[in-house]
Amino acid sequence: MDDALTPDSDDGLTVLDGFDGIEVRVFNPFPRHRSRVLSFLLNFNLLNRRMHNKSFTVDNAVTIVGGRNIADEYYQSSETEEFLDEDLLATGQVVDDVSRSFDEYWNAREACPVRFLRPMLPQAEANSLFEVGRRLIAEPRALAYVDSLDTGFADTLLGGGLL
C-alpha cells in the first residue's frame, strides 16, 4: 500500500496483517512519531515518492487493474459522493507484467511490513474492529451492493470460461 492517506487505517491494517497467509506492506511510510504534514514539508523529495498503483492478481492467471480505491464512493454506495473510476480485467501475458511490477514494489527497500510501523493490537481492540466490519457488512446498502454483484461472472471465471 501507499502510505499517503493511511494514518486512520493503521489499526485495521495491523489486524489484517495478523491473519495467517496475509502480509501488509507499506511503501515509503511516513514517520509515525510526528505530524505527517510536517514530515511531508521537511522531507518532500523523499516522502513524495509514492506508489499509487492498483492491481488485484489471482494465481498469476487473472488481474484487475484500474483507478478504483476501496471506499464507498467508488462502489456507488456512498450517500454523499460518487466516483466513476474504471477497472480492467485481463488474462494472458499482461498478467505476468502486472505481477512483475507488483513484485518490484513488494521487494523494494522502501516497502516496510506494517507490523514494523505499529505493534500488534491487543485482542480486545482487534475484536472491536472486526465487530465494526461485521456491522458495516450487514447494512442494507452493503447488502444491496453485494446482491448487485451476482452476475454469474465469478462462476464463469472459476469454471475457466475466460481463460
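The values are calculated or read from the model by the stated rules, or taken from the named source; none is laboratory data. Remember, predicted model here, so these are calculated numbers, not experimental data. Don't worry about glycine lacking a Cβ; one is built from the backbone with ideal geometry, like all the others, and counts go over all protein chains shown.
Which condition number in (1) part of a loop (DSSP other than H, G, I, E, B); (2) surrounded by fewer than 15 Cβ atoms within 10 Å (Cβ to Cβ); (3) modelled with pLDDT under 70 is the one that Phe30 fails?
Here Phe30 clears every test but (2).
Filter region 48-102 down to the residues that are polar (S, T, N, Q) and part of a strand (DSSP E or B), then identify the one that is surrounded by the most Cβ atoms within 10 Å (Cβ to Cβ).
Thr63
Just checking, how many residues over region 51-89 are hydrophobic (A, V, I, L, M, F, W, C) and touching a Gly at 6+ places or on another chain (Cβ under 6 Å)?
1
Among the residues of region 5-27, are any in a loop (DSSP other than H, G, I, E, B), surrounded by 12 or more Cβ atoms within 10 Å (Cβ to Cβ), polar (S, T, N, Q) and at pLDDT 75 or above?
Checking region 5-27: not a single residue is in a loop (DSSP other than H, G, I, E, B), surrounded by 12 or more Cβ atoms within 10 Å (Cβ to Cβ), polar (S, T, N, Q) and at pLDDT 75 or above.
Let me spell it out: the conditions are (1) over 29 Å from Asp17 (Cβ atoms); (2) exposed (fewer than 10 other Cβ atoms within 10 Å of the Cβ); (3) at pLDDT 80 or above, and Arg109 meets all of them except one. Which number is the exception?
(1)
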